[in-house]
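Notes follow once the structure below has been shown.
Values quoted throughout were computed directly from the atomic coordinates according to the rules given, and no laboratory measurement underlies them. Please read these numbers as outputs of a predicted model, since none were measured by experiment. Note: ideal-geometry Cβ built from the backbone for every residue, glycine included; neighbour counts use all protein chains shown.
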Amino acid sequence: MIHGVRTRELSFTCDERGRLMVILRSDDPLFQRFGQVYLTTTYHGVVKAWHLHHIQADLVSCIRGEIQLVLFDARHDSPTRGEVAEFSTGEEHPLLIFIPPGVYHGWKCVSEEEAFIINVPTEPYRTGQPDEYRLPPDAAEIPYRWLLTPGKRHG
């Protein structure tokens, strides 16, 4: 496991009305601070990668569909520098994944249907000065090769 990355299995509480899944609470060991909460989606076969943050951590959970989430440790002072970690997550295997600053991350929607991902970053997005540093999905600096679907916009 990449140093500082943590995961927690998620589960549903069910009754005759439906299901409830707590993703994150302020007393959860994975919680650091609140910046914002947003929902993003990814279409089947699309790769959204790579990006990292220098300040914020991300807490990611796929709540609909399935994604292959991949991490690459780019931190100079990390004991796991250069390591890659993969997580298959979504409706069938819900996880909360804590991604520390300095770790590149991205995912591919591997379900036929659109994947819905909730992110709770520790910092609010700053439009004029985003804490976001990107590389293309096929970046030579990262030893991971996505199977990119021709004709789809990736990145």
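What to note about this one:
- Of the trypsin sites (Lys or Arg not before Pro) found in the range 1-110, those that fall in a DSSP loop while having at most 16 other beta-carbon atoms within 10 Å are Arg17, Arg25, Arg33, Arg81.
- Calculated on C-alpha atoms, the gyration radius of the chain divided by its Kirkwood radius gives an Rg/Rh of 0.96.
- For the pair Leu148 and Val110 in one chain, pulling the backbone fully straight at 0.36 nm per residue adds 12.5 nm over the alpha carbon distance.
- Couplings 3J(HN,Hα) for the range 71-83, derived from phi with the Karplus relation 6.51 cos²θ - 1.76 cosθ + 1.60 (θ = phi - 60°), are 10, 9, 7, 9, 6, 5, 9, 8, x, 10, 3, x, 7 Hz, where x marks Gly and Pro.
- Segment His93-Tyr43, length gained on full extension (0.36 nm per residue, minus Cα span): 16.1 nm
- Length added when fully stretched, Arg6-Ile55, from 0.36 nm per residue minus Cα-Cα: 15.9 nm
- Remark: the Cα gyration tensor places the range 19-89 in the oblate category, a/c being 1.5 or greater and a/b not exceeding b/c.
- Under a 5 Å amide H cut-off, with hydrogens placed 1.01 Å from N, Gly106 pairs with Val70 among residues at least 5 apart or on other chains.
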